[in-house]
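Heads up: the structure comes next, in structure tokens.
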Amino acid sequence: MEIKIGIQNIGREIVLESAQDADAVATVVEEAITKGTELRLKDDKGRIIIVPGSALGYVEIGAEEARKVGFGQF
């Protein structure tokens, strides 16, 4: 799923693809905001993205999609 992270006072957002469950990501984001800890997410390529919880502007969690197979668009 696609996750977009907006950071306060920064014009660009961080966009990453993650295999994590949407509910798990929402829980980690909520914890980072309420406790003021760092937001730590892992993307599909194994990279870890760390953002201070106090700097978060918004987090957009995309819908989970099943992988499409084949060449046709349906």
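The residues on offer are A66, A19, A24, and the sole one that is within 11 Å of the chain's Cα centre (by Cα), part of a loop (DSSP other than H, G, I, E, B), modelled with pLDDT under 95 and not acidic (D, E) is A19. Taking region 1-28 on its own, how many of its residues are open to solvent by less than 50 Å² (accessible area, probe 1.4 Å) and closer than 13 Å to S54 by Cβ? Residues that pass the stated criteria total 1.
Inside region 41-53, can you point out the residues that are surrounded by fewer than 12 Cβ atoms within 10 Å (Cβ to Cβ) and not acidic (D, E)? Correct list: K45, G46, R47, I48, I50. Can you pull out the residues in region 26-57 that are touching a residue at least 40 places away in the same chain (Cβ under 8 Å) and among the β-branched types (V, I, T)? Selection gives I49, V51.
The values are calculated or read from the model by the stated rules, or taken from the named source; none is laboratory data. Here the structure is a predicted model, which means the values were calculated and not measured. When we count neighbours, we look across all protein chains shown, and the Cβ atoms used for this are built from the backbone with ideal geometry, even at glycine. These area figures cover heavy atoms from the full protein model, side chains too; ligands, DNA and RNA do not enter into them. Shrake-Rupley method; radii C 1.70, N 1.55, O 1.52, S 1.80 Å.
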